[in-house]
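Taken together, the values in this text are just the output of simple stated rules run on the coordinates, not laboratory data. In this text, all values refer to a predicted model and were calculated from it rather than measured experimentally. Backbone-built Cβ (ideal geometry, glycine too); neighbour counts: all protein chains shown.
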Amino acid sequence: MCGIIGYIGDKKASEVLISGLSHLEYRGYDSSGVALMKGNRVEIYKAEGKLKNLVEILKTKPDICNSTHIGIGHIRWATHGLPTTINAHPHTCNCKNLTLVHNGIIENYQELKEELSALGCTFQSQTDTEVAAHLIAREYGKTKNLLRAMQAATKKIKGAFAFCAIHKNEPDKIVIAKRNAPLIVGIGEGENFIASDIPAIIEYTKKAIYLSDYQVGVVKKNSVEIYDENDNLIKNKIEFLPFEAATISKLGYKHFMLKEIHEQGDVIRNVLSGKLISNKEKINLENFKLTQTEIKNIKRVQIIACGTSLHAGLVGKYIMEKFAQIPVDVEASSEYIYRDTIADENTLTIGISQSGETADTITAIKQVKEKNSHIAIITNRADSTMARLADSLLPISAGIEVSVAATKSYMAQLISLYLLAFYLAEQKGITTKDSEIIKLKQELIELPNKVEALLEDSSTTKIKEIAKKYSSFKDFIFIARGINLPTALEGALKLKEISYINATGYGAGELKHGPIAMLDNNMPVLAILNTGVVYDKVLSNCEEARARQARLIGVTNKIERKDKDLFEDLIIIPSVSDLISPALNIVVLQLLAYYIAEYLGKDVDQPRNLAKSVTVE
Ligand code: M6R
């Protein structure tokens, strides 16, 4: 994980670096640091904890901060070594001439460390990055050229990296390198920027070069040179960055998470736009590149994803098997990559990822790519590594999601999967499902208004009250069946990641096979029950839970008067069919998690130990 930033130009480098790092905090936030270069003097400042600690340190250094125009910075999510000041980046070599920031993991760092120690290098930190700093410095000793040193050193490094390096003897440049970690160069007028991601630089420029793996570059004030692994000078395309700086603002909300939850009506409208014109017309998915014949030949779908995206995939399985009538496997990428998996040209592989940078999913997709399976990528970042691996790119266009807890991207993924499932059914000509699909398409068209109704004050007041009431519980169980089982899993994930309450989602029918042993009046059980095939079944499971004194909270679109007393608290969602209900139920669970965490005073947007984009295996 981690975020890196670099600046060279006429602005105060410290300001650009801090602003950039503040927009990269979603990548990690356990420590941060900057190196500021003026002539052949380099000053390094680092701080443990949140970025604000580094800001405080820089406030005490006005001289260097006001007069330096070249610098590199880093925000860390610890992989090797504790999140301490010593382990924070930038790192240097023994002579302190070379300074380096790094995002990624150096797999052979132990081996390299031993070799370098034998050559006399001494190490201050426990990080893999410091090893790279020493290695590049050793190579510099041979060539006296930072670009050459970077090229030589990266050939010896195994693993993933995005590097920014500066050297006291070459004070007019930043040298960069990339392999399996994102890196862009923002192009300005008389200034250039380097960053792990667009939000870090979008307030300064809308033009950028995306580096490819194995490329290295020299970034100066007025030029950018990129070389491939054979040292050929490459003419990388300058791309237009598709974001506005305003999208990275809270717009008056207390947290990004709350703002992003509230954006979901519009997010749905965006995803539907141009694809679902009316319930009578066929879905238009021009980005999906398989022909009708190829679609008819699909024998199996495999969905590969992590975390929240994996939960979206589980809803996708349900809907795709039902309507497109193709067997669907849903796999956690981290498990998929260490198995002998089977895929061929008749397998459709769908990778789902908000960031498009999740290392496990990227590795899985790369493995599948070798097997001729068609790769469709559902992602919020059409500029990501994963998007670049896609045969069919299905962008979800939810806008930048800042909060570590995914909300609006989940919604957009769900809607994309509904559209894809209906599209496959229509292309296969499964006419028996036509009338049901027409009805569901109409529900999708009406969905944004229903989501917005749910976000109105009257509903949220009830959810807030429930949040307050249950915020002191240490454990929580979420139950559901059928298409809402993934909703239960996702609701539990949301609660645990931002409130640190031990929450687990179960298929309601599984309760009696073990988890029921945990029930007593200290255990809130949140049950999702929508009118549909499993309604009565979930209701019976709720009876079983109640009989064990569990504190029952119901989330439902309808409840019979006679069943009301079963629940200690009830949240009623707008009327919706069971098959579309995951998109409404999840809004309730997102809000519940949000208000519990907020009530407990947790750091909602930046929960401990997490990072938004998990770019390491
Ligand atoms: O960017 P991705 O969708 O690939 O990320 C996958 C997970 O890391 C992510 O969904 C994670 O579980 C979130 N923190 C959930 O809120």
Antiparallel bridges, percent of DSSP beta bridges restricted to the chain (to nearest 5): 60
Rg/Rg_ref, segment 457-599, where Rg_ref = 2.2 N^0.38 Å and atoms are Cα: 0.93
Rounded to two decimal places and with Rh computed the Kirkwood way over Cα pairs, what is Rg over Rh for segment 256-452? 0.95
Once the Cα atoms of segment 3-248 are picked out, what are the Rg and Dmax in Å? 16.3, 52
When 342, 277, 209 are ordered from fewest to most other Cβ atoms inside 10 Å of their Cβ, what list results? 342, 277, 209
At 7 Å along Cα-to-Cβ for each site, give me the label-to-label distance between residue 189 and residue 540 in nm. 7.3
Scan segment 441-496 for trypsin sites (Lys or Arg not before Pro) in coil per DSSP, keeping those whose Cβ has at most 13 other Cβ atoms within 10 Å, and list them by number. 474
Please work out the ratio of the alpha-carbon Rg of the chain to 2.2 N^0.38 Å and round it to two decimals. 1.02
Please give the per residue volume of the convex hull enclosing the alpha carbon atoms of segment 143-239, rounded to a whole number of Å³. 94
What net charge do the residues around residue 123 carry, taking every other residue with its C-beta under 13 Å from that of residue 123, with Lys and Arg at +1 and Asp and Glu at -1? -3
Put a dot 7 Å past each Cα toward the Cβ at residue 547 and residue 117; how far apart are the dots in nm? 6.3
For segment 11-120, take every pair of Cα atoms, bin their distances at 5 Å starting from 0, and report each bin as a whole percent. 2, 12, 22, 23, 19, 12, 7, 4, 0
What's the extension gain from residue 281 to residue 269 if we count 0.36 nm per residue and subtract their Cα-Cα distance? 2.6 nm
Placing unit charges on C-beta atoms (Lys and Arg positive, Asp and Glu negative, everything else neutral), compute the dipole magnitude of segment 185-300 about its Cα centre in debye, rounded to 20. 720
Rounded to the nearest 10 degrees, what's the angle between the helix 128-143 long axis and the longest principal axis of the chain, both from Cα atoms, 0 to 90? 30
Express the C-alpha Rg of segment 247-336 as a ratio against the empirical globular expectation 2.2 N^0.38 Å, rounded to two decimals. 1.39
GluC sites (Glu not before Pro) within segment 315-354: which are DSSP loop residues with at most 16 other Cβ atoms inside 10 Å? 345
What is the magnitude of the charge dipole of segment 359-474 about its Cα centre, with +1 placed on the Cβ of each Lys and Arg, -1 on the Cβ of each Asp and Glu, and no other charges, expressed in debye to the nearest 20? 400
Could you give the dipole magnitude of the chain about its Cα centre, charging the beta-carbon of Lys and Arg +1 and that of Asp and Glu -1, in debye to the nearest 20? 580
Residues whose placed amide H lies under 5 Å from that of residue 277, excluding near-sequence neighbours: 284
Along the charge dipole of the chain, Cβ charges K/R +1 and D/E -1, which of 614, 150, 529 sits furthest on the positive end? 150
Modelled FRET efficiency - R0 22 Å, residue 449 with residue 566, Cβ distances, 0.05 increments: 0.15
Take residue 461 and residue 230, extend 7 Å from each Cα along the Cα→Cβ direction, and tell me the distance between the two endpoints in nm. 7.0
Peptides ranked, highest mean first, by Cβ atoms within 10 Å: ranges 147-154, 563-570: 147-154, 563-570
